[in-house]
Amino acid sequence: MKQRMSEDILIKYLLGEGSPAEALEIEAWAAANSANAKKLEEVKIILETSKRLAQVSPLSEVEAWEKFKNKRAAAKNEPARVIPMSANTNWLRIAAAVIFLIGGGWIAYYLYSGQKGASAGWVNVKATNAVRIDTLPDGSIVHINKNSAISYAGNFKSKREIRLTGEAFFNVKHNDAIPFTVHVNDVNIMDVGTAFNVKSRQHNTEVIVESGIVKVSKNNNAVQLKARQMVSVNAGDKTLKVETSPDLLYNYYVSNTFFANKTPLWRLIAVLNEAYGADIKIKNNALRNTPITVPIRLQDSLTDILNLIKETTPEMHVDETAGNIVIR
């Protein structure tokens, strides 16, 4: 994994223009440590704020970024000015400079001045090779899936806002006065007190509600989700479509169990691949939609799990060769 990511690569990722391999690499890089996650979040400030100001600007996000880089390069030839600041504010200055180009100096000043203090007060929590369970300052409980991270403000009890990279399950403590909001990509999930799962992968954001009601919004579109409902949002989507969640497999890392109940084999295998970092392939198309009903423990080995599935589906054959697993 790269130790450093260039500004242009991160911008490309946030605009949804990178390859799937690049997206996975950046998501793993962001989850590796809090400094990386913070850098990615601060680059997001550039694009998110520029989108809000797009109606009054002739520049696109990319054009504004390029214009800023040109001005920054030209500035190297000008006499230097000494400006007192802490070492960790460099990226906020960049964000402010880009927004200055798009929306006016007073907005840039506001972002830079306000975010400098807020960034210093944000708490970063990440999970690397194992699921992490944390109790937030308001009493809400969060399960952070592997290779995922959250950050929340130091004044969380009075401003319940969270930034998410990857996947997490939130069991929110009820508080009508202070809504609980999760920000991921350009999607906002607002809740008062409920339980829901949020997953972000390769510019797709999936929200599934287990209990209660949440509001999901993107730009000027918003929908309400009730228990067992979900919405899947891609980067270019203009509308939000509410659907019924097909199963309970989404919370395997919370319950430590894969609950398969007449679940198509292809769906169960897809979740197992995600959970175990595997690449199981189904070569027998006749088996893809075979319904599987069996509880599977997360702590079991992949080999034991496949043997358990075979017991429910005698016609299924599994070939394991040099780390490759194929279902025939």
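Computed from the coordinates by the stated procedures, all read-outs in this text should not be read as laboratory data. Everything numeric here is computed off the predicted structure, so don't read it as measured data. As a convention, Cβ positions derive from the backbone with ideal geometry for all residues, glycine included, and neighbour counts pool all protein chains shown.
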- prompt: If you find the alpha carbon centre of region 229-264 and of region 20-44, how far apart are they in angstrom?
  reply: 24 Å
- request: Under 1.5 on a/c is rounded, so check that first for region 191-255, then, if it is not, pick prolate when a/b is larger than b/c and oblate when it is not; a ≥ b ≥ c are the square roots of the alpha carbon gyration tensor eigenvalues.
  value: oblate
query: Under 5 Å between amide H atoms, partner at least 5 residues away or on a different chain: which partners does Phe180 have, H built in plane at 1.01 Å?
result: Asp191, Val192
message: Given Cβ point charges of +1 (Lys, Arg) and -1 (Asp, Glu) and nothing else, what value in debye, to the nearest 20, does the dipole of region 135-182 about its Cα centre take?
response: 100 debye
- line: Among Lys12/Lys159; Lys39/Lys146; Lys215/Lys241, the pairs whose Cα-Cα distance exceeds 24 Å are Lys12/Lys159
Calculated from backbone phi, Karplus (6.51, -1.76, 1.60) coupling profile of region 309-323 in Hz, x at Gly/Pro: 5, 4, 5, 8, 9, x, 6, 8, 10, 10, 10, 10, 9, 6, x
- prompt: Thinking of region 227-328 as a set of Cα atoms, what percent of all their pairs are more than 19 Å apart?
  reply: 46 percent
